Amino acid sequence: MDIRAGFAYAYRSSPEIITNDSWPQQIGPLKTNTVLQYDSNYQNVTKWGNPALAQRQSRRNGDSSSSKTVELFKLHLGNIPQNEKPPLPRQLSYDKAISDYLRELGKLIKETISTRWQGIKFFEHVLLVISIPAEFDDRAKDTMRKCLYNAGLTNSKESNKVEFTTEPEAAAIYCMRNLEGQNKPISINESFMVVDCGGGTVDLTTRKLLRDNKLSEITERTGGFSESKYLQMRVKEEFGKLVPSIIIPKQPIAAIVRGACDYGLKMSTIIDRTLKYSYGFETYRSWKFGDPINRRKSIKGNNKTKIMIFHCLATRGTTVGIDEEFRTVSCPSMPDQTEISYPIYITTESSAKFCDESGMKLHGTLTIDLPDVHLGLDRQVEFSLIFGKMELVAKAKNLRNGRIYNTSFDLNLNF
């Protein structure tokens, strides 16, 4: 499912991917408009998609209807300054608008699925693969999970029936399959670039094809111009002599939803991803000569002077395998301690030293339960962060007895 209003579906045992082309009062297009029409109090949706867009046009032409039309709300999930986000009515929050839109889209999805396959238990049998812009961070994904739950598309916010993939990643999968269908296969270990020209942006993704149709990410930079015949012609004119092969896939407007569906059918296609941030936590170490004097601290009950630093676990630009873990070991500072908390920070810098540097952001707080108090200080705790999938996962265990500790990660939603 593309949050920009399109979806495709397939049955795992006979995976023919079907792109939806039936919308309210509209048959044929592979996408509809991300527009809502509300009642006068912005409480209830009266129309969505193309009919809501048509209503907006009639209002511009003098229709005095009391209905309210809202669009561009999905841009509030993006990593853009607050003052550049499109304004919404004061009665309406962006997450309610997204939830309302997903609810209407979800009704169509459920109806389509149940009509095609009788007896489907939606929450139990259906995996939702959500394609999102490459710049969406963990907060945006957390908001999407909340909106999916509020919209009735999942039975819990933490549902394991939700997976995310980026739009460039989905497009790369679609293009790889498309090349096979056009008898223009890519050789093993050959690289290819996907140029996704969308609504005001161009995403460039370079991937390498490995054995067994696996894709490795080389680089990713930051959607409808893709259907433009003029754009396609100009790309071929400008780059045709420089690039051995330029291929326009069939139905490029459906590339993302079909690629996302393909990913859901075979998630092992993607073997790694590249980190866009450096991740670490705030901790103390012994102060040493050469450290900034103004950061020198004396800790009560400890005869050594300390310094608070950013301990980097994973560095921006690192290629991370699926389910690859980045580990560190620590111990409780007090014998009767029942939990350890680590503030996790992110930065786009690759050599950050302190958590108050420019560009450093508090990402969230990792809390590890320590129930075995009888062990006192003799509790070496290994905790690890797992980045390979689209959502950050944390886990911890006692190295002495192998006991797995409960962990929770609370995102910082205040910036």
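The values are calculated or read from the model by the stated rules, or taken from the named source; none is laboratory data. The structure presented is a predicted model; accordingly, all values stated were derived computationally and were not measured. Glycine also receives a Cβ, built like all others from the backbone with ideal geometry; neighbour counts cover every protein chain displayed.
Among the strands (runs of 3 or more DSSP E) confined wholly to segment 294-404, which include 1 or more residues that are within 27 Å of T274 (Cα to Cα)?
Values: elements: 296-298, 305-314, 319-321, 325-330, 339-347, 361-369, 381-386, 393-398.
Output list reads 305-314, 319-321, 325-330, 339-347, 361-369, 381-386, 393-398.
Determine, yes or no, whether R116 is within 25 Å of Q26 (Cα to Cα) and surrounded by fewer than 18 Cβ atoms within 10 Å (Cβ to Cβ).
When the stated conditions are applied, R116 passes them.
Considering only residues that are surrounded by fewer than 20 Cβ atoms within 10 Å (Cβ to Cβ), at pLDDT 85 or above and not charged (D, E, K, R), look in segment 168-190 and name the one that is farthest from T274 (Cα to Cα).
I188
Read through the list (1) surrounded by fewer than 16 Cβ atoms within 10 Å (Cβ to Cβ); (2) modelled with pLDDT of 90 or more, then give the number of the only condition that T19 fails.
Of everything listed in (1) surrounded by fewer than 16 Cβ atoms within 10 Å (Cβ to Cβ); (2) modelled with pLDDT of 90 or more, T19 misses just condition (1).
Give me the pairs: first residue in segment 243-270 and within 18 Å of D2 (Cα to Cα) and at pLDDT below 90, second residue surrounded by fewer than 16 Cβ atoms within 10 Å (Cβ to Cβ) and small (G, A, S), beta-carbon distance under 6 Å, and six or more apart or on different chains, which are they?
Listed pairs, sorted by first residue: none to list.
Taking into account only those residues within segment 363-378 that are surrounded by 15 or more Cβ atoms within 10 Å (Cβ to Cβ) and touching a strand residue (DSSP E or B) at 6+ places or on another chain (Cβ under 6 Å), which is farthest from D410 (Cα to Cα)?
It comes out as L370.
Checking Q37 against (1) part of a helix (DSSP H, G or I); (2) modelled with pLDDT of 90 or more, only one condition comes out false. Which one?
So Q37 meets the others, but not (1).
When you scan segment 149-167, how many residues do you find that are buried (at least 24 other Cβ atoms within 10 Å of the Cβ) and part of a helix (DSSP H, G or I)?
1
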